[in-house]
There are 2 protein chains.
Amino acid sequence: MVEPLDPEMFDPVCPSSAMPIQIGDKWTAMVVICLEGGPRRFTELRVPLRGITPKVLTQTLRAMERDGLVTRTAYDENPPRVEYELTTLGRSLLTLIDAARSWSRDHLPTLLEARRAHESTPRPALLQRPAP
Amino acid sequence: MVEPLDPEMFDPVCPSSAMPIQIGDKWTAMVVICLEGGPRRFTELRVPLRGITPKVLTQTLRAMERDGLVTRTAYDENPPRVEYELTTLGRSLLTLIDAARSWSRDHLPTLLEARRAHESTPRPALLQRPAP
DNA sequence: GATACTGGTTACCTCAACGATACCGGGATA
DNA sequence: TATCCCGGTATCGTTGAGGTAACCAGTATC
């Protein structure tokens with residue numbers, strides 16, 4: 001048996017939402033990370049992706065399937081069982097995701113600090129002219 | 001004098017729009033690339049970014065300035081002159097952009113082929129059951 | 001019969017990004 | 001007087017990603 005996914009895997013309040021890098025659509029990178037350890041079921045994916053609605057998860061998975069990032073396997077049992085698994089192509093995104101994570105670890109605090117500093121200082125006149 | 005930017009630098013019909021990686025907003029990565037060689041003026045940036053409207057370019061640059069990716073320097077001459085330049089933080093995005101470009105070079109054709117193949121094959125029933 | 005489980009679907013709505021178009025202010029130049 | 005240049009603004013409209021809420025089919029179990 002595979003280990004269950006950690007429900008705290010992704011923090012909804014994490015500043016990564018400010019990260020200037022995005023892989024695929026909003027949830028794509030998180031799905032890839034969830035599938036890194038092996039195939040997962042639909043309901044299983046919903047746990048760490050707190051807040052995702054079934055509609056949006058379906059959309060995300062269908063788009064990823066269309067692009068050859070995941071495969072979908074349905075087992076005719078009941079209750080029904082469907083498993084999603086990364087393809088080689090999908091797995092190739094992991095290096096990119098790692099690069100994005102490294103960038104964030106190294107530079108996101110700087111960006112957030114710049115943003116914070118900017119918010120608290122009113123924008124100066126576009127052209128600084130000598131006072132009359 | 002710095003070399004002018006190549007008007008053909010970015011192809012509007014380039015499949016990179018299908019690229020599952022995005023840096024910042026739609027134009028951010030292109031602006032970073034334009035600024036790689038040194039400071040550029042507003043009007044100068046509009047050339048390779050064919051089709052960008054001044055409003056959107058302003059929005060993009062303001063957001064980048066807020067996040068500490070570029071600096072804006074206005075010279076009180078006329079006609080007015082304003083120069084945008086990458087900060088160290090902005091420059092740090094270049095490695096990420098290169099990683100994204102490498103991924104695209106290596107894998108985007110595969111993705112596009114998967115997509116093309118998928119479009120031409122109707123989605124099978126979600127659960128394959130034996131025919132009655 | 002009622003209820004639960006899985007893996008969805010459907011209709012509707014909201015909001016932000018993006019784009020099209022027009023206009024502006026100040027100085028230099030003709 | 002008129003026109004051009006530069007670096008923008010102002011206003012409006014479109015589009016699509018994403019979210020909310022409700023519903024569904026088939027089977028099993030109570």
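Results, tabulated for the structure shown:
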read-out: Counted charge near residue A:6, where neighbours are those whose Cβ lies closer than 15 Å (Asp, Glu -1; Lys, Arg +1); value: -2
read-out: Neighbouring partner chain Cβ atoms per residue of B:59-70, average, 10 Å criterion; value: 3
read-out: Å² per residue, accessible surface of the protein assembly as shown at 1.4 Å; value: 59 Å²
read-out: Accessible area buried at the B-A interface, both sides summed, 1.4 Å probe (Å², nearest 100); value: 3100 Å²
read-out: At least 30 Å² accessible surface lost relative to isolated chain, residues of the range A:19-36 (1.4 Å probe); value: A:20, A:21, A:22
read-out: Inter-part distance where the range B:14-56 and the range A:4-19 are each reduced to a Cα centre, Å; value: 30 Å
read-out: Accessible-area composition of the protein assembly as shown, carbon plus sulfur, in percent [1.4 Å probe]; value: 56 percent
read-out: Contact order relative to length of the range A:23-106, as percent, for alpha carbon pairs under 8 angstrom and 6 or more apart; value: 33 percent
read-out: Label distances, nm, residue A:26 versus same residue in remaining copies, Cβ-directed 7 Å point; value: 1.9
read-out: Label-to-label distance, nm, for residues given as residue A:55 and residue B:55 (7 Å Cα→Cβ offset); value: 2.9 nm
read-out: Shielding of A:91-101 by partner chains, average beta-carbon count, 10 Å; value: 3
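The values are calculated or read from the model by the stated rules, or taken from the named source; none is laboratory data. Every value quoted in this text rests on a predicted model; they were computed, and no experiment measured them. All Cβ positions, even for glycine, are placed from backbone atoms using ideal geometry, and neighbour counts span all protein chains on display. We work out accessible area using only protein heavy atoms, side chains counted, and drop any ligands, DNA or RNA first. Shrake-Rupley method; radii C 1.70, N 1.55, O 1.52, S 1.80 Å.
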